[in-house]
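The values are calculated or read from the model by the stated rules, or taken from the named source; none is laboratory data. Remember, predicted model here, so these are calculated numbers, not experimental data. Backbone-built Cβ (ideal geometry, glycine too); neighbour counts: all protein chains shown. All accessible areas refer to the heavy atoms of the entire protein, side chains included, with ligands and DNA or RNA removed. Shrake-Rupley method; radii C 1.70, N 1.55, O 1.52, S 1.80 Å.
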Amino acid sequence: MTRVFSGIQPTGHLTLGNYLGAMRRWAEVDQHRADSLFCVVDLHALTVEHDPARVRRLSRQTATLLLAAGLDPDVCTVFLQSHVDEHSRLSYLLECVATDGEMRRMIQYKEKAAKERERGGSVRLSLLTYPVLMAADILAYGADEVPVGEDQAQHVELTRDLAVRFNQRYGHTFVVPRTTLPQVAARVMNLQDPTRKMGKSEDSGAGVVYLLDEPDTVRKKVMRAVTDSGREVAYDREGRPGVANLLDVLAACTGGNPESLADVYDSYGSLKKDTAEAVVEVLRPLQARHRELCADPAYVEGVLRDGAEKARALARPMVDTAYRAIGLLPPVPEPALSAAR
Ligand code: AMP
Ligand code: TRP
């Protein structure tokens, strides 16, 4: 059976971009057709300046939202990265396979490091090595497919390179995974600046729809979305990124196609209005389920405990195999009782 792995960082409140680009597919498609693991990657949240209490809160909230979005612990595995030591164990081995040049070429590293420096802060070493930890997340489970939004494609490419290199040097150990992208909304853009992706760690939330935004807040944000001075509705991602983004979001929410939807509208106003309502309707059941789950924190904790146990059982033998392959001796077993006597 195909194995699927994906992760999400507890670095902020989850957005419509997370949902349309990743989570919805995990819930609607992946978990039902593949043996799937979905991980709240809390170790990744420590790569930028962080507040421990906030990371704890967001880790719980992110896990709760994954369940609210429809991940079903009876058919998939949901867990926290830090509960399974194998991720860090494998990450170190992969650091011995990756090169520093490779790390410095990662677009997300360049962007985040520049932002951190602009703020006058320093760049954590873990921000540079983060794609290696992400590769470990994926390779520890022998995942065949990694369903992510477009911004993560480069990291999955790197994961493939590391898997191939390790296998060539030390013998076949890892499955070489591939990225799967959604057909529409692989990159939902910020409503206030449609040249940037809708990200959860934005400083201003005006262009970002959060999964827990009230319906009226969603309507306001969508109605105020930046478009352009044209009037005719056309799907042109380069020339008219704002309108194209709204068409993408509408298409993703209603199951339509952005190009054909463009023909249906003759004004930006009506496009925005329908997009706002479509988003509100997509979020409604998720928010209702989130409220129920928040009332039952013991249930969520139980899911995470069982999830970590299942994940550990899968990752342990794979990572042990990699330890042996790369040249590390197995720990010396306890002498048998009879031999000790
Ligand atoms: P992150 O928020 O970076 O942890 O991302 C979690 C998942 O959501 C990854 O698969 C991302 O590619 C996806 N994602 C995040 N932001 C967007 C966006 N604006 N559009 C599409 N997918 C996104
Ligand atoms: N780096 C990913 C992001 O920022 C999150 C992530 C960590 C991930 N490990 C992963 C995604 C493994 C897919 C598979 O979105």
Residue hits (segment 108-162; away from ligand 2 (no atom under 12 Å from the Cβ) and surrounded by 22 or more Cβ atoms within 10 Å (Cβ to Cβ)) are 162
Show me the helices (runs of 4 or more DSSP H) entirely contained within segment 205-309 in which 3 or more residues are out of contact with any Gly (no Cβ under 9 Å at 6 or more places or on another chain) and open to solvent by 40 Å² or more (accessible area, probe 1.4 Å). 215-223, 258-264, 268-294
Candidates 165, 224, filtered to the one that is on the phi < 0 side of the Ramachandran plot, more than 15 Å from ligand 2 (Cβ to nearest atom) and in the same structural domain as residue 129 (by TED's automatic domain parsing): 165
Where residue 199 falls short, out of the listed (1) farther than 16 Å from residue 16 by Cβ; (2) in a loop (DSSP other than H, G, I, E, B); (3) in contact (Cβ under 8 Å) with a residue 12 or more places away in the chain: (1)
In segment 195-207, is there at least one residue being of a type in the set (D, E, K, R) and not assigned by TED's automatic domain parsing to the domain that holds residue 244? no
Checked pairs for segment 57-69, first in a loop (DSSP other than H, G, I, E, B), second open to solvent by 10 Å² or more (accessible area, probe 1.4 Å) and among the basic types (Lys, Arg), C-beta under 7 Å and 6 or more apart or across chains, list as 69/24
With the structure loaded, tell me whether residue 83 is in contact (Cβ under 8 Å) with a residue 60 or more places away in the chain, closer than 24 Å to residue 159 by Cβ, open to solvent by 40 Å² or more (accessible area, probe 1.4 Å) and away from ligand 2 (no atom under 14 Å from the Cβ) or whether it fails that test. yes
Criterion violated by residue 176 - all others in (1) buried (at least 19 other Cβ atoms within 10 Å of the Cβ); (2) in the same structural domain as residue 153 (by TED's automatic domain parsing) satisfied: (1)
Just to be sure before I move on: is residue 92 more than 16 Å from the chain's Cα centre (by Cα) and surrounded by fewer than 15 Cβ atoms within 10 Å (Cβ to Cβ) in the structure I sent? yes
Out of (1) surrounded by 11 or more Cβ atoms within 10 Å (Cβ to Cβ); (2) of a type outside the set (S, T, N, Q); (3) outside the structural domain of residue 196 (by TED's automatic domain parsing); (4) not in a helix (DSSP H, G or I), the one residue 331 does not meet is (1)
When segment 100-156 is examined, which residues are found to be in contact (Cβ under 8 Å) with a residue 24 or more places away in the chain, among the basic types (Lys, Arg) and either in a loop (DSSP other than H, G, I, E, B) or not assigned by TED's automatic domain parsing to the domain that holds residue 43 (or both)? 124
Number of the exception - residue 54 against (1) touching a residue at least 60 places away in the same chain (Cβ under 8 Å); (2) in a helix (DSSP H, G or I); (3) open to solvent by 20 Å² or more (accessible area, probe 1.4 Å); (4) away from ligand 1 (no atom under 11 Å from the Cβ): (1)
